[in-house]
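Student: Handing you this structure, nothing more for now.
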Amino acid sequence: MRFVELGPDAVLSALVDDAVPLLRRDGDEVTTALTAVARLFVSGVAVDWTAFHDGVRPAALPTYAFQRQRYWLRSRPEAPATAADDSFWEPIDRGDLQELAARLGVAALTVEPLLPALTAWRARGRERSLIDGWRHRVIWKPADLPASPGVARPGGSGVWALIGDDDLGLADALAAAGIEAVPVIAAELAAAAVDGILVLPSVPLTDLPGLVRTADAPTWLLTRNAVATGRADGAPDVMQAAKWGLGRVAGLEHPQTWRGLIDLPRAVDAPTAGRLAAILAGALGDEDQIALRSGGALIRRLQPAPQPARIQRSPAIRPGPVTRSSPESRSRWMARPRWVVRPRWVARPGTTARLTWVARLRAAAPERACPARVSLPPVGSGGLAGPC
């Protein structure tokens, strides 16, 4: 609940938390009123702006300079409701029993027991649709790289600085792909004549903030096993994943020099080095979260992830706290479409109880069991078999 003070000054608003005054004694009336309405709007109060913007077509908010992207996610358009849906749910939303019965062409007594259940189901569906609009998950989409990426030249001589221990042999691999990469100490980076910076996975996490702040050239942060793009990747490395998260923040704070994140595979071979060279050459454009794997390059995407529908189990057979060795679990196994009861089972104690359980199981769920008859054969006979 929000309180709005309609008076010549903000006298009572000081006594109530989050109260909004529409007028102030020393302020312009129009500016003060619009500021109050804007405060209510950003705090969740619905405001009809059509009267204020009469004859003006709304425009989309601008993106960040030279980035063409925004912070927020784009909302999904809702599926248009048909006239039949509206005519059915309208009396349910109002709780109008007579109207619902008239539209369905049945007696009101027939619909009366269903109306509370339909109303509750409708409310749950709306809540679920709202929550599903908030749910997203990360996926990795294959990226198309050109066959001939060319030489990565960010500007000038096209020399890339490698920061950190090159335990992956990236300098030689990039040289074979046509890129000049030289090792540079972080303390000497400001004086080095380089046109691009590659921060290797061996750089400690604590050194990254200083490197990002002092970098004056396009900077890529390389990680290894920082993200899991599929089941084959296994669990990510904790420290490398922390670097990935820090790099995402660095891209927001230093957009002038930040280029992005590239997660490398465990071993860098010639094809991987060629893909890395293509990325450094700008083959993927503005993509700034990339994973290189043996099958190619992957780019990070967000996609809607609605909550999966709950599976309603049949009430006839409910899984209970039984084990493989219990009579109930063995009886369930015997109730499969093909079952055989061998003579040595009949002579064991408890066999009669187990076969009785099978008979009850078949009677409770005949559509899920074999229609064969269950009976107890005499001891010493050839056993009991019931193929479907």
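The values are calculated or read from the model by the stated rules, or taken from the named source; none is laboratory data. Here the structure is a predicted model, which means the values were calculated and not measured. Ideal geometry is used to build each Cβ from the backbone, glycine not excepted, and the neighbour counts take in all protein chains shown.
A quick yes/no check of all residues on (1) assigned to a loop (DSSP other than H, G, I, E, B); (2) charged (D, E, K, R); (3) closer than 19 Å to Trp258 by Cβ; (4) not assigned by TED's automatic domain parsing to the domain that holds Gly282:
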position: Leu198; (1), (2), (3), (4): no, no, yes, no
position: Asp207; (1), (2), (3), (4): no, yes, yes, no
position: Gly210; (1), (2), (3), (4): no, no, yes, no
position: Trp220; (1), (2), (3), (4): no, no, yes, no
position: Ala228; (1), (2), (3), (4): yes, no, no, no
position: Met239; (1), (2), (3), (4): no, no, no, no
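Student: Given the structure, is Ala107 loosely packed, with under 10 Cβ neighbours inside 10 Å and modelled with pLDDT of 85 or more?
Tutor: On the way: loosely packed, with under 10 Cβ neighbours inside 10 Å: yes; modelled with pLDDT of 85 or more: yes.
So Ala107 fits the description; yes.
Student: Checking the structure you have, find out if any residue of the stretch 121-138 is part of a helix (DSSP H, G or I), out of contact with any strand residue (DSSP E or B) (no Cβ under 6 Å at 6 or more places or on another chain) and of a type in the set (Phe, Trp, Tyr). Spell out how you get there, then give the answer.
Tutor: Of the residues in the stretch 121-138, the ones part of a helix (DSSP H, G or I) are 121-132.
Those still in the list that are out of contact with any strand residue (DSSP E or B) (no Cβ under 6 Å at 6 or more places or on another chain) too: 121-132.
Retained after the next criterion (residues that are of a type in the set (Phe, Trp, Tyr)): 121.
Scanning the stretch 121-138 turns up at least one residue that is part of a helix (DSSP H, G or I), out of contact with any strand residue (DSSP E or B) (no Cβ under 6 Å at 6 or more places or on another chain) and of a type in the set (Phe, Trp, Tyr).
Student: Taking the condition small (Gly, Ala, Ser), under 19 Å from Arg2 (Cα atoms) and assigned to a helix (DSSP H, G or I), does Ala38 pass?
Tutor: Working: small (Gly, Ala, Ser): yes; under 19 Å from Arg2 (Cα atoms): yes; assigned to a helix (DSSP H, G or I): yes.
So Ala38 fits the description; yes.
Student: Give me the pairs, please: first residue somewhere in the stretch 40-60 and in contact (Cβ under 8 Å) with a residue 12 or more places away in the chain, second residue anywhere and among the acidic types (Asp, Glu) and assigned to a loop (DSSP other than H, G, I, E, B), beta-carbon distance under 9 Å, and either six or more positions apart or on two chains.
Tutor: Here the result reads Ser43/Asp18, each pair linking the stretch 40-60 to a residue that is among the acidic types (Asp, Glu) and assigned to a loop (DSSP other than H, G, I, E, B).
Each row is one residue, and each column tells you yes or no for (1) closer than 30 Å to Asp288 by Cα; (2) modelled with pLDDT under 85; (3) basic (Lys, Arg); (4) surrounded by 12 or more Cβ atoms within 10 Å (Cβ to Cβ).
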residue	(1), (2), (3), (4)
Asp26	no, yes, no, no
Thr35	no, no, no, yes
Arg68	yes, yes, yes, no
Tyr71	yes, yes, no, no
Arg74	yes, yes, yes, no
Asp86	no, yes, no, no
Gln98	no, no, no, no
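Student: Enumerate the helices (runs of 4 or more DSSP H) found wholly within the stretch 258-355, keeping only those where 3 or more residues are within 23 Å of Lys141 (Cβ to Cβ) and modelled with pLDDT of 60 or more.
Tutor: Hits in the stretch 258-355: 270-280.
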